[in-house]
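The values are calculated or read from the model by the stated rules, or taken from the named source; none is laboratory data. Since the structure is predicted, the reported quantities are computational estimates derived from the model, not experimental observations. All Cβ positions, even for glycine, are placed from backbone atoms using ideal geometry, and neighbour counts span all protein chains on display. All accessible areas refer to the heavy atoms of the entire protein, side chains included, with ligands and DNA or RNA removed. Shrake-Rupley method; radii C 1.70, N 1.55, O 1.52, S 1.80 Å.
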Amino acid sequence: MALDKSSIDAELTRAPDEISIIKLVDSIVEYAYNSRASDVHIDPTENKVLIRFRIDGVMHDVFTLPKEIQPEIISRIKVLSGLRTDEHHAAQDGRFKFNLDKDKGFDIRVSITPTYYEENAVFRLLAEPEQGFKIDSIGFSKNNLEIIKRAIKKPYGMILLTGPTGSGKTTTLYTILRELNTPEVSIVTIEDPIEYSIEGIEQIQVNPQTGLTFATGLRSVLRQDPNIIMVGEIRDEETAGIAVNAALTGHLLLSTLHTNDAATTLPRLLDMNVEPFLIASTINIAVSQRLVRRICPMCKIKKELTDDEIKSLEKSLPLAYSLKTKVFYQGEGCKGCGGSSYLGRIGIHEVLEMTDDIRKAIMAQKTASEIREIAVGQGMVPILDDGMQKAEEGITSIEEVLRVMHE
């Protein structure tokens, strides 16, 4: 889709009191969509307003707007999102649907917050990819894909995803749910927020104001006779306890946790007072993931590392890691990728499968590093190795793998 910002430029050539705010906001959203932005930041400063896009996980300054129109821009976004236009000192969250044409539209999630320079706005474009994700195409290596497929075929147990905010956990969960979504099973999700609607699946939105939390929602869902349950996040002891019991009583349960790697997921549940034998008997797999940018295929070139570059690189890598090749790849920057050298993102993963030895380690309350050592000894590929493998294959660059791992 061609990128065209002429409508925005045309508005910005007018005097501030002649700018059509409705047209300007619509044009910014459309330009963000065509730029593949996941988020739009409207950031006020002392004498201007910055419009910034997050594209493939990285922020870019895109436009500058006159300070005079800031209140009108924020008011327009509030009106679209059904928020209070007379409230300027409290944070507000909302949502609206944006229609590109008759047949094509997507949801936008909005957050407005008072700042030192008046209110800002951040919105997330919840635009689904044209083809929808398939489990085979989101970056799992052949071996990891086999483990995932084996785990999701089990009629009960837990599948846990871990990684920082913005690492694609929800997308992976939705992809697995689509794979499992057949007329023979009942699937219910509890989410905060619901990002995309999936036909044939009951999706419940968490609402703390009415007492509908992950824990209370999960309790009521268990009375709805589901086969498969997805809980957006296990945040506390109560949710962890109910989730484990659900997995123990014949349900396949998918959820996310905030930990640094797959092995830490298991002791994290111990911290939430889940009994070791329950963790050992319910978890099928724990998956840790990050997102790396793909090198743009239109401007990708080979790059052979010099001896000095290899020495410098090895200082950034763990001692146990040794480079298998000198030849890697990078993008030169072209029109197709907007000069960034990257186009789109892909997951890098480590997949910890529950084995008898890991069960024994959990029962003995071993540390995450001891559990990790056992898992690697039994064939688990660490996330860094998975990333470096994708760099060797020319899918991403070494710099990108290191950037994401250091973050």
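Structure notes:
- Test: residue in the stretch 10-24 that is modelled with pLDDT of 90 or more and under 17 Å from ARG124 (Cα atoms): no
- Residues of the stretch 164-187 that turn out to be within 17 Å of ASP386 (Cβ to Cβ), in contact with a Gly (Cβ under 9 Å, 6 or more places away or on another chain) and not in a helix (DSSP H, G or I), as a count: 2
- Residues in the stretch 362-407 that are touching a Pro at 6+ places or on another chain (Cβ under 6 Å) and β-branched (Val, Ile, Thr): 1 in all.
- Residue ID - nearest to ALA127 (Cα to Cα), chosen from residues in the stretch 38-57 that are open to solvent by less than 30 Å² (accessible area, probe 1.4 Å) and touching a His at 6+ places or on another chain (Cβ under 8 Å): PHE53
- Pairs, first farther than 19 Å from LEU145 by Cβ in the stretch 369-394, second open to solvent by 60 Å² or more (accessible area, probe 1.4 Å) and modelled with pLDDT of 95 or more, C-beta under 7 Å, six or more apart: ILE374/ASP357; GLY394/LYS300
- Screening the candidates ALA121, ALA127, ALA151 for the property of being in contact (Cβ under 8 Å) with a residue 12 or more places away in the chain, open to solvent by less than 80 Å² (accessible area, probe 1.4 Å) and closer than 24 Å to GLU72 by Cβ yields one hit, ALA121.
- Scanning the stretch 63-76 for residues that are assigned to a strand (DSSP E or B) and either without any contact (Cβ under 8 Å) to a residue 12 or more places away in the chain or open to solvent by less than 30 Å² (accessible area, probe 1.4 Å) (or both) gives PHE63, LEU65.
- Taking every residue in the stretch 17-46 that is on the phi < 0 side of the Ramachandran plot and pairing it with any residue that is aromatic (Phe, Trp, Tyr) and surrounded by fewer than 20 Cβ atoms within 10 Å (Cβ to Cβ), at least 6 positions away or on another chain, the pairs with Cβ-Cβ distances below 7 Å are PRO44/TYR117; THR45/TYR117; GLU46/TYR117.
- Selected residue (criterion: modelled with the highest pLDDT) from residues of the stretch 279-322 that are farther than 30 Å from PRO155 by Cα and of a type in the set (S, T, N, Q): THR306
- The set of residues from the stretch 154-167 being over 13 Å from GLU233 (Cα atoms) and open to solvent by 10 Å² or more (accessible area, probe 1.4 Å) comprises LYS154, PRO155, TYR156, GLY166.
- ARG84 being more than 16 Å from GLU30 (Cβ to Cβ), open to solvent by 70 Å² or more (accessible area, probe 1.4 Å) and at pLDDT 95 or above: yes
- Of all residues in the stretch 342-373, those that are surrounded by 14 or more Cβ atoms within 10 Å (Cβ to Cβ) and farther than 26 Å from HIS406 by Cβ total 9.
- Taken as a whole, the condition of being under 20 Å from ARG124 (Cβ atoms) and either modelled with pLDDT under 95 or touching an Asp or Glu at 6+ places or on another chain (Cβ under 9 Å) (or both) applies to SER35.
- Taken over the stretch 112-151, the criterion of being among the hydrophobic types (A, V, I, L, M, F, W, C), over 17 Å from the mean Cα position of the chain (by Cα) and in a strand (DSSP E or B) is satisfied by ILE112, ALA121.
- Of the candidates ASP225, ASP192, ASP261, the single residue that is open to solvent by 20 Å² or more (accessible area, probe 1.4 Å), free of Cβ contacts under 8 Å to residues at least 40 places away in the same chain and not polar (S, T, N, Q) is ASP225.
- Of all residues making up the stretch 197-219, the number that are surrounded by fewer than 14 Cβ atoms within 10 Å (Cβ to Cβ), small (Gly, Ala, Ser) and at pLDDT 90 or above: 2
- Residue match in the stretch 42-54 (condition: hydroxyl-bearing (Ser, Thr, Tyr) and closer than 22 Å to GLY339 by Cα): no
- Verdict on ARG109 being of a type in the set (Lys, Arg), assigned to a helix (DSSP H, G or I), out of contact with any Ser or Thr (no Cβ under 6 Å at 6 or more places or on another chain) and surrounded by 12 or more Cβ atoms within 10 Å (Cβ to Cβ): no
- Residue match in the stretch 315-327 (condition: under 17 Å from HIS406 (Cβ atoms), open to solvent by 50 Å² or more (accessible area, probe 1.4 Å), assigned to a loop (DSSP other than H, G, I, E, B) and without any contact (Cβ under 8 Å) to a residue 60 or more places away in the chain): yes
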